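Q: First the structure, which I've put down as structure tokens, then a few questions once you've had a look.
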Amino acid sequence: MSIELPGSFPTLHGPGPPSNNIYQAHKVISDSYNNSLQLLRQDDQDPLRFHFHLDRLQNRIIPLFRALSVENVPEDWLESGAHALGKLLVALWVAIKGAEDW
């Protein structure tokens, strides 16, 4: 099963520059997304590494992203970010299943 993932986490845009808290949250989310994406593109089939990224996504990144939903960020960015994170979550689960069956 191949899941088409965006090449990077969506860029945050808005009517003006984001607050420092929003900027830092976006950076953490984006960096984590890119790290997980890089892992998925490697030939490494280590289920522990996939589990680590999945755990971080579920327990740190998604809650941080959800916290941004109450901030003044564009709804279209929230929607595209949610889709990117959801696809990443599924891709990591698929990679874990594939690595464990390998």
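Q: Could you list, in sequence order, all residues of the range 32-42 that are assigned to a helix (DSSP H, G or I) and polar (S, T, N, Q)? Please lay out each step first, then the result.
A: Within the range 32-42, the subset assigned to a helix (DSSP H, G or I) is 32-41.
Hits for the range 32-42 are Ser32, Asn34, Asn35, Ser36, Gln38.
Q: Right, another one. Take the conditions within 17 Å of Ile3 (Cβ to Cβ) and assigned to a helix (DSSP H, G or I) and apply them to Phe65. Does it pass? Working first, answer last.
A: Details: within 17 Å of Ile3 (Cβ to Cβ): no; assigned to a helix (DSSP H, G or I): yes.
Criteria not met by Phe65.
Q: Moving to a separate point now. Quick check on Ser69: is it farther than 15 Å from Leu40 by Cβ and touching a residue at least 60 places away in the same chain (Cβ under 8 Å)?
A: Here the answer is no, as Ser69 does not meet what is asked.
Q: In the range 3-27, how many residues are surrounded by fewer than 14 Cβ atoms within 10 Å (Cβ to Cβ) and more than 15 Å from Gly86 (Cα to Cα)? Show your work before the answer.
A: Applying the first criterion (surrounded by fewer than 14 Cβ atoms within 10 Å (Cβ to Cβ)) to the range 3-27 yields 4, 7-8, 11, 13-17, 19-21, 23-24, 27.
Filter once more, so that each one left must be more than 15 Å from Gly86 (Cα to Cα): 11, 13-17, 19-21, 23-24, 27.
Of the residues in the range 3-27, 12 are surrounded by fewer than 14 Cβ atoms within 10 Å (Cβ to Cβ) and more than 15 Å from Gly86 (Cα to Cα).
Q: Within the range 28-49, which residues are open to solvent by 30 Å² or more (accessible area, probe 1.4 Å) and in contact (Cβ under 8 Å) with a residue 12 or more places away in the chain? Give the steps one after another, and end with the answer.
A: Initially, the range 28-49 is screened for residues open to solvent by 30 Å² or more (accessible area, probe 1.4 Å), giving 28, 31, 34-35, 38, 40-49.
If the condition is that a residue be open to solvent by 30 Å² or more (accessible area, probe 1.4 Å) and in contact (Cβ under 8 Å) with a residue 12 or more places away in the chain, then Val28, Asn34, Asn35, Leu40, Gln45, Asp46, Pro47 are the ones that fit.
Per-residue answers, yes or no, for (1) of a type in the set (S, T, N, Q); (2) assigned to a helix (DSSP H, G or I):
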position	(1), (2)
Gln24	yes, yes
Val28	no, yes
Asp44	no, no
Phe50	no, yes
Arg56	no, yes
Ile61	no, yes
Asp76	no, yes
Leu85	no, yes
Lys97	no, yes
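Q: Tell me, which residue of the range 50-75 that is charged (D, E, K, R) and modelled with pLDDT of 95 or more is surrounded by the most Cβ atoms within 10 Å (Cβ to Cβ)? Break it down stepwise before answering.
A: In the first step, residues of the range 50-75 are kept if they are charged (D, E, K, R); the result is 55-56, 60, 66, 71, 75.
When the remaining residues are screened for being modelled with pLDDT of 95 or more, the result is 55-56, 60, 66.
On the way: Asp55: 11, Arg56: 15, Arg60: 13, Arg66: 12.
If we take residues in the range 50-75 being charged (D, E, K, R) and modelled with pLDDT of 95 or more, then Arg56 is surrounded by the most Cβ atoms within 10 Å (Cβ to Cβ).
Q: List the pairs whose first member sits in the range 74-102 and is aromatic (Phe, Trp, Tyr), whose second member is open to solvent by 30 Å² or more (accessible area, probe 1.4 Å) and modelled with pLDDT under 95, and whose Cβ atoms are under 8 Å apart, counting only residues at least 6 apart or on separate chains?
A: If the second residue must be open to solvent by 30 Å² or more (accessible area, probe 1.4 Å) and modelled with pLDDT under 95, the pairs left are Trp77/Leu12; Trp77/His13; Trp77/Gly14; Trp102/Gln45.
The values are calculated or read from the model by the stated rules, or taken from the named source; none is laboratory data. Every value quoted in this text rests on a predicted model; they were computed, and no experiment measured them. Heads up, the Cβs are rebuilt from the backbone with ideal geometry, glycines too, and the neighbour counts pull from every protein chain shown. Heavy atoms of the whole protein, side chains included, go into the accessibility calculation; ligands, DNA and RNA do not. Shrake-Rupley method; radii C 1.70, N 1.55, O 1.52, S 1.80 Å.
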